[in-house]
Amino acid sequence: MTEITAHSSGMGIGSTIRYVLFAVSAILMAVTLYMIFFWVPTELNLGVSQRIFYFHVPLAWLGMLSIVIVAIASLLHLITGKSKWDDLAYTTAELGVLFATLILVTGSIWARGDLGWWWTWDAKLTTTLVLWFIYVGYLMVRAYSTKGSQGARYGSVVALIGAVDAPIIYMATVWWRTAHPELNVGPVATDGDSIGSANIYITLLVSTLMFTFLYAYMVMERYSMRRTETALDEVHQMFD
Amino acid sequence: MAVQLVATRTAFASGMVQQNLRGESELPWLFAVYIITWAVFFGYIFMLSRRQREMRREINALKRALADRETKS
């Protein structure tokens, strides 16, 4: 019971880090919005709708990072059997659904505004939709399997298989012809010069930092809650 | 030469007008993205805060159940 109370009260160094992360992301949020709407120039070829890029790209980066964290935490859970790794996997999978949904929605709206269509079955879009289904599949396995270690093990296997999708999404524009431009961000970027203005790079960097801080805050907050949920389940099992 | 300059300027100005018109027509999509993104984040945080309230109630109920058990024994 002391453990549950400690989790739920949220005192200690964990909560201080959470407050700092929240404050930093709130400040960066204001700076990012100022940069996107007032500071960065309008891209000549894509026009005003290109400003969606400053949300779409960071959301995509965090959506893919989530599945990597889910897979690593699941692997550690399978090796060690510790519930903290499973709680981290569950937390990042839940946030992964949120980010994957936003990648698809923001991309779809951008395509509608700029190209005139909502959806096309090209490689990058389809593999991102597959990522969304992997997250939803993971959470459904967890929701419908028995509570305890068996459900966690099933979920871990789904996560490990699902992680294969992350490099496929990233490399989709290299391996297949897609509606997306060639890679201009990341380790194997081939088309870095196409962005043109340094202001565009700086705005993208600040926006990515802001979303990464926000993501870290949300992971910590949700993880703390998930630990309490797990502890409460254990207490309920003791009472039953 | 002067005619060519005027023609170029006119073409440039009409291009700018087209760009501005296109920009204005794209604005609702841009705002839709920003509104939806923040609405989803706030919705998620609201859902978390509700879940936290439920858990607090659950913890208090468990505390009361434990206290009852101890007084009975």
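Derivation of every value follows stated rules applied to the coordinates shown; laboratory data play no part. Every value quoted in this text rests on a predicted model; they were computed, and no experiment measured them. All Cβ positions, even for glycine, are placed from backbone atoms using ideal geometry, and neighbour counts span all protein chains on display.
Given Cα pairs under 8 Å that are at least 6 residues apart, what percent is the relative contact order of chain A? Mind showing how you got there, number by number?
Numbers: 253 pairs, mean separation 78.0, N = 240.
Relative contact order here is 33 percent.
The ranking of A:His77, A:His56 by Cβ neighbour count inside 10 Å, starting from the fewest, reads A:His56, A:His77.
Normalised by the number of residues in the range A:1-139, what is the relative contact order in percent for Cα pairs under 8 Å and 6+ residues apart?
On the way: 88 pairs, mean separation 29.6, N = 139.
21 percent.
The region of chain A that goes longest without hitting one of the trypsin sites (Lys or Arg not before Pro) in a DSSP loop, each with at most 14 other Cβ atoms within 10 Å, is A:1-81.
If you count, for every residue in B:25-31, the Cβ atoms of partner chains within 10 Å of its Cβ, what is the mean?
Across B:25-31, the average partner-chain Cβ count within 10 Å equals 6.
Evaluate E = 1/(1 + (r/R0)^6) for B:Phe42 and A:Glu43, where r is the Cβ-Cβ distance and R0 equals 22 Å; express this FRET efficiency to the nearest 0.05. My answer for the efficiency is 0.15.
In Å, the Kirkwood hydrodynamic radius of chain A over pairs of distinct alpha carbons? Please list the in-between numbers first.
Numbers: mean 1/r = 0.0513 Å⁻¹.
Hydrodynamic radius (Kirkwood, Cα only) of chain A equals 19.5 Å.
If a spin label sat at a point 7 angstrom from the Cα of B:Ser49 along the line to its beta carbon, the backbone N atoms of the range A:196-240 nearer than 16 Å would be those of A:218, A:221-222. Distance from a point 7 Å along Cα→Cβ of B:Arg64 to each backbone N in the range A:201-240: keep the residues under 20 Å and list them by number. In the range A:201-240, the label zone of B:Arg64 (backbone N under 20 Å from the point 7 Å along Cα→Cβ) covers A:232-233, A:235-240. Each of A:Met140, A:Met218, A:Met35 was scored by other Cβ atoms within 10 Å of its Cβ. Listed from fewest to most, they are A:Met140, A:Met35, A:Met218. Positive contributions from Lys and Arg (+1) and negative ones from Asp and Glu (-1), summed over other residues with Cβ under 13 Å from the Cβ of A:Asn199, come out at 0. Label-to-label distance, A:Val31 versus A:Leu205, with points set 7 angstrom from Cα along the beta-carbon direction: 1.1 nm. Applying a length cut-off of 30 Å (Cα extent along the axis) and a mean Kyte-Doolittle floor of 0.0 to the DSSP H helices of chain A leaves A:13-34, A:53-80, A:83-114, A:123-144, A:198-239. With the convex hull constructed from alpha-carbon coordinates only, the range B:30-73 shows a mean projected area of 2.4 nm² over all directions.
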